[in-house]
Amino acid sequence: MVVPRRLARFDALVLTSLVWFLGKFLRYAFPPLFETLGVTYGISRTVLGTAFTGLMLVYAAMQFPSGLLADRLGAVRVVTAGALVSAVAAFALSVDAPLLVLVGAMALVGAGTGTYKTVSVSLLSRAYPARTGRALGIFDTFGTFGGVAAPAAVVAVSALPPVLGAPWRTLFLGGGLVGVVLAVAFAGRVPRRLPDEPATATAERDAGSADGLDSGRSDDDQTGETPPLKTYVALFRDRRFTTFVVVTICFSFAYNGAVAFLPLYLAAETAVSSATANLLFSVLFVVSLVQLVTGEASDRVGVEPILAVTLATATAGLLAVLAFSATGGALVLGGAVVLLGLGAHGYRPVRGAYMMAVVPESVAGGSLGVVRTLLMGAGAVSPAIVGYLSETAGFGPAFGLLAGALVVATALSLGLWALGR
């Protein structure tokens, strides 16, 4: 009985992580289904990319209001509501319905899952104040593996008999049922692990960490007046800060565009099957554990060189995907996807460390908000642009644009390394 009681202390961590896993699972189930959705609804890649952009824009727009609502209503209520909204969206996708329902359900997925990350970070820091770093590491790892499971699940359900329509709808039926169960369990168990008073003082800091930009250091913790807007504008006079912002925007644009269309690109432009393309898409997320290594390496070696190395690795991976599209088999293309994943995921913790190094501590929180807004905006519009270009110019030029953005990011990161030296 001792072991279960000890493990019971981590019920809030497990449930919060599972909710985040489901959120990432639902989001990344769409790219592997783009080919199927295009055939089912008779729509173009431009429409698919725009719909996914809509999902990401709604997701981005929910970050601040979800944190604000959590301060006023409580984090448990907000996350529970988000899980139920996501479940409703999944149920809507589980039955045959018009295109408008598909687009609306995708937007609902963005709205529901958009409440998770910012609020959950705050919640876990309150539930496990002595083990916050470890708790957040487990939480992020669970989320990442939602991206691993989604493509594999798409492949698995494609072999199932239809229940409520096309076989792929079974995936969303299961997602909706799991979402309801998690919401009920979350609402029932997690409040027991939280202190009576909400820690509103950390809300801004936690919002800044929603996409991996927070390095773990507290924000301003200031009791004085809020810095004026011109203070943040003045940051762009610093060459290092401005260059870093451009690097971040380029990376976000390239990564989100590649993630949205990589399965469809591999299936259309290479010799691998759709099932193999979806499995290679899973590999992109499997290697995300590298971020534990790059974060540690940036502490030991320095932020600038690791920033440059990770971006160069991601660039090499995407260029290799383009170079071997016509001749490469599953093994070669898989190696290219691994390179892309190692670089892209390895870059995430390092960008937060660099951000903390180049901005004054007194305005770190607001600066994180500025950068997050820019990178999430660039990442959100990317799928629509890639979808349009893939139809008007071809997948090669579309992914060439993404590779070009990574080349620019890598070159500028080398400049940051030179400035740092």
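Kindly evaluate residue 52 against the criterion of being at negative phi and open to solvent by 50 Å² or more (accessible area, probe 1.4 Å).
no
Give the residue, chosen from 378, 336, that is part of a helix (DSSP H, G or I), modelled with pLDDT of 85 or more and either touching a Phe, Trp or Tyr at 6+ places or on another chain (Cβ under 7 Å) or β-branched (Val, Ile, Thr) (or both).
336
Within segment 54-81, count every residue that is out of contact with any helix residue (DSSP H, G or I) (no Cβ under 7 Å at 6 or more places or on another chain) and in a helix (DSSP H, G or I).
Within segment 54-81, residues that are out of contact with any helix residue (DSSP H, G or I) (no Cβ under 7 Å at 6 or more places or on another chain) and in a helix (DSSP H, G or I) number 7.
In this structure, is residue 136 open to solvent by 30 Å² or more (accessible area, probe 1.4 Å) and in a helix (DSSP H, G or I)?
yes
For every residue, the table says whether it meets (1) outside any helix (DSSP H, G or I); (2) of a type outside the set (Phe, Trp, Tyr); (3) touching a residue at least 40 places away in the same chain (Cβ under 8 Å).
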{"site": "243", "(1), (2), (3)": "no, yes, yes"}
{"site": "261", "(1), (2), (3)": "no, no, yes"}
{"site": "276", "(1), (2), (3)": "no, yes, yes"}
{"site": "282", "(1), (2), (3)": "no, yes, yes"}
{"site": "292", "(1), (2), (3)": "no, yes, yes"}
{"site": "295", "(1), (2), (3)": "no, yes, yes"}
{"site": "304", "(1), (2), (3)": "no, yes, yes"}
{"site": "325", "(1), (2), (3)": "yes, yes, yes"}
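Filter segment 271-288 down to residues that are open to solvent by 20 Å² or more (accessible area, probe 1.4 Å) and either of a type in the set (Gly, Ala, Ser) or farther than 11 Å from residue 151 by Cβ (or both) and give me whichever is farthest from the chain's Cα centre (by Cα).
271
List the number of the failed condition for residue 79; all other conditions in (1) open to solvent by less than 30 Å² (accessible area, probe 1.4 Å); (2) under 21 Å from residue 259 (Cβ atoms); (3) not polar (S, T, N, Q) hold.
That leaves (2) as the condition not met.
Scan segment 40-52 and report the pairs whose first residue is within 17 Å of residue 107 (Cβ to Cβ) and whose second residue is at pLDDT 90 or above and among the hydroxyl-bearing types (Ser, Thr, Tyr), with Cβ atoms within less than 7 Å and a gap of 6+ or a chain change.
These pairs meet every condition: 49/388.
Taking residue 321 as the residue in question, decide whether it is crowded, with 24+ Cβ neighbours inside 10 Å and β-branched (Val, Ile, Thr).
On the way: crowded, with 24+ Cβ neighbours inside 10 Å: yes; β-branched (Val, Ile, Thr): yes.
In short, yes.
Filter segment 125-171 down to the residues that are modelled with pLDDT of 80 or more and of a type in the set (Val, Ile, Thr), then identify the one that is nearest to residue 192 (Cα to Cα).
Among residues in segment 125-171 that are modelled with pLDDT of 80 or more and of a type in the set (Val, Ile, Thr), the one nearest to residue 192 (Cα to Cα) is 144.
Yes or no, residue by residue, for (1) assigned to a helix (DSSP H, G or I); (2) small (Gly, Ala, Ser); (3) modelled with pLDDT under 95:
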{"position": "6", "(1), (2), (3)": "yes, no, yes"}
{"position": "12", "(1), (2), (3)": "yes, yes, yes"}
{"position": "36", "(1), (2), (3)": "yes, no, yes"}
{"position": "47", "(1), (2), (3)": "yes, no, yes"}
{"position": "52", "(1), (2), (3)": "yes, no, yes"}
{"position": "83", "(1), (2), (3)": "yes, yes, no"}
{"position": "96", "(1), (2), (3)": "no, no, yes"}
{"position": "106", "(1), (2), (3)": "yes, no, no"}
{"position": "110", "(1), (2), (3)": "yes, yes, yes"}
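Does residue 86 qualify as being more than 15 Å from the chain's Cα centre (by Cα), open to solvent by less than 20 Å² (accessible area, probe 1.4 Å) and over 27 Å from residue 261 (Cβ atoms)?
So residue 86 fails the test.
Within segment 386-421, track down each residue that is open to solvent by 50 Å² or more (accessible area, probe 1.4 Å), closer than 14 Å to residue 45 by Cα and touching a Lys or Arg at 6+ places or on another chain (Cβ under 9 Å).
Passing the criteria: 388, 391.
Given the criteria surrounded by fewer than 24 Cβ atoms within 10 Å (Cβ to Cβ), in contact (Cβ under 8 Å) with a residue 40 or more places away in the chain and in a helix (DSSP H, G or I), does residue 17 qualify?
yes
The values are calculated or read from the model by the stated rules, or taken from the named source; none is laboratory data. No experiment lies behind these values; they were computed from the predicted model shown. Positions of Cβ are generated from backbone atoms using ideal geometry, with glycine treated the same way; all protein chains shown enter the neighbour counts. Ligands, DNA and RNA are stripped out before the accessible areas are found, and what is left, the full protein with its side chains, is counted by its heavy atoms. Shrake-Rupley method; radii C 1.70, N 1.55, O 1.52, S 1.80 Å.
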